[in-house]
Amino acid sequence: MVKVIDKFRVNGKGKCNIQLSRGMKAIVVMLFLSAVMSCSLLTSKKQASLYMSNKYYNYIQPTFELYIKVTEKWLIKNRTYLSNNHKKERLMNMPFELGNKEDSDKAILLVHGLGDSPYSFSDIANSLHKQGYYVQVLLLPGHGSKPQDLMLPNYADWQEVVDHYANLLKNDFSDVWLGGYSTGGNLVTIHTIENKGVDGLLLFAPGFQSNIPIIEKFARVVSLFVDGYERDETNLAKYTSSTIQGAIAYTDSASKLRDLLDDTIIKIPTLVVVSEADSIIDSASIKALFLKHFNHPKNRMVWYGNADNEDDSVKYLTMNFEKERISTGSHMSPLFAPDNPYYGVYGERRTCKVTFKELVSLRCPNNKDLWYGAYGYKEEGKKHTRLTWNPYYLEMEKEMEKIAY
């Protein structure tokens, strides 16, 4: 059951310390929206970088190896563990690298999304390593420890850590790629536009445009009334709860990216993978932005859903698998192979929730009445839970390799 954290306050340096009853909050929003927005803008002034704060740890290190070490120390002391296997949980949330710099002639930095962790790239990182990349996977500030830590960073903190480690890679490699999932897709694309030296992009369900645009307009207003929502934390690889501050950081990244794209054509090879039925991002808008602002002969969009045009750069793949009881793709499904030990067909993480309240079965793969699709997807006569793996994963691997060579 969703629990709203009922605090009417401004976090940061603002002075909006108004206290109101619940019944008055909606009235205040309606009557004094302009005043609230002004107050919100005061609180959004640039603050010192989080890595310099005594509230957090210094994740800006001179090498990626040192970054991994200081992050592990932070997680050992600050993660709220969900199981008795602390080492397993830390490894799922740790930044990591694959390969040796001396053995690779190209490198890639991968960046996860809001509320997620480096485990988002547990399969893709291995695939890229096998294809010859030296791979680094970041942990964005505020992640991996406990949901409350997402109250600490803002968009600039996320962009700063991406920019820092991307630029370090450029010092060691002449061929540097960036990859991102959801919010991470925004961050790596912004870096590409604002900095030189990126040779290609791999974007998985990039968060260029939310499926709920009103969030971008009113997230800062909402932050004056609530901090976020809490749910029981049961997923070892991502947060189940969320904070308004995290939503603001995401919307700032999306808004900035779209503003930059207005005046930009990205002319490096780019692979974009999206699910038509994605409940988090507006997949149609992502496709339109890709076709308009990404221009390279090797570009490719993999679209899990129905075909609706004849553009040669878009590959359409149906997600209607009757035998496997799959109706659609989801926001996260492109990332994971069917044999992923946590999110795969017979993986450990099988919540099988149709809604927040309704738990269908703890053994989803054996429940012949349960179907898979995007979160919240409904179809008459069927009960759906979220699809967490990609039935086309091997085909996607080939697309990743094809665009880079």
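Annotations
- Residues located in segment 31-67, provided they are open to solvent by less than 30 Å² (accessible area, probe 1.4 Å), assigned to a helix (DSSP H, G or I) and either more than 28 Å from GLU233 (Cβ to Cβ) or at pLDDT 50 or above (or both): VAL36, CYS39, SER40, LEU50, PHE64, TYR67
- Restricting segment 252-282 to residues that are assigned to a helix (DSSP H, G or I) and open to solvent by less than 10 Å² (accessible area, probe 1.4 Å), the residue that is farthest from ASP123 (Cα to Cα): LEU261
- Search result, residues across segment 292-320 that are closer than 26 Å to THR385 by Cβ and either basic (Lys, Arg) or modelled with pLDDT of 95 or more (or both): VAL302, TRP303, TYR304, GLY305, TYR316, LEU317, THR318, MET319
- Considering (1) touching a Cys at 6+ places or on another chain (Cβ under 9 Å); (2) at pLDDT 95 or above, the lone condition that ASN93 does not fulfil carries the number (1).
- Condition check for ASP116: open to solvent by 10 Å² or more (accessible area, probe 1.4 Å), under 21 Å from TYR393 (Cβ atoms) and part of a loop (DSSP other than H, G, I, E, B): yes
- With respect to the conditions (1) in contact with a strand residue (DSSP E or B) (Cβ under 9 Å, 6 or more places away or on another chain); (2) touching a residue at least 40 places away in the same chain (Cβ under 8 Å); (3) part of a helix (DSSP H, G or I), ALA125 falls short on a single one, namely (2).
- Verdict on THR234 being crowded, with 16+ Cβ neighbours inside 10 Å, at pLDDT 90 or above, β-branched (Val, Ile, Thr) and more than 16 Å from the chain's Cα centre (by Cα): no
- Hey, THR243 open to solvent by less than 30 Å² (accessible area, probe 1.4 Å) and β-branched (Val, Ile, Thr) or not: yes
- Of the residues making up segment 96-109, those that are at pLDDT 95 or above, in contact with a helix residue (DSSP H, G or I) (Cβ under 7 Å, 6 or more places away or on another chain) and not aromatic (Phe, Trp, Tyr) are GLU97, LEU98, GLY99, ALA107, ILE108, LEU109.
- Scope segment 283-322; condition surrounded by fewer than 18 Cβ atoms within 10 Å (Cβ to Cβ) and among the small types (Gly, Ala, Ser); matching residues: ALA284, SER285, ALA288, ALA307, SER313
- For the residues GLY197, GLY207, GLY180, GLY184, the requirement of being touching a residue at least 12 places away in the same chain (Cβ under 8 Å) and at positive phi singles out GLY197.
- For segment 378-393, filtering for residues that are in a loop (DSSP other than H, G, I, E, B) and modelled with pLDDT of 90 or more leaves 6.
- Some residue of segment 182-202 being farther than 20 Å from ILE265 by Cβ and surrounded by fewer than 24 Cβ atoms within 10 Å (Cβ to Cβ): no
- Subset of segment 323-336 (residues that are crowded, with 22+ Cβ neighbours inside 10 Å and either in contact with a Gly (Cβ under 9 Å, 6 or more places away or on another chain) or within 10 Å of GLY373 (Cα to Cα) (or both)): THR328, GLY329, SER330, HIS331, MET332, SER333, PHE336
- Residue in segment 363-377 that is modelled with the lowest pLDDT, counting only those that are over 20 Å from the mean Cα position of the chain (by Cα) and open to solvent by 80 Å² or more (accessible area, probe 1.4 Å): ARG363
The values are calculated or read from the model by the stated rules, or taken from the named source; none is laboratory data. Treat the numbers as computed from the prediction; the structure is a model and nothing was measured. Don't worry about glycine lacking a Cβ; one is built from the backbone with ideal geometry, like all the others, and counts go over all protein chains shown. Ligands, DNA and RNA are stripped out before the accessible areas are found, and what is left, the full protein with its side chains, is counted by its heavy atoms. Shrake-Rupley method; radii C 1.70, N 1.55, O 1.52, S 1.80 Å.
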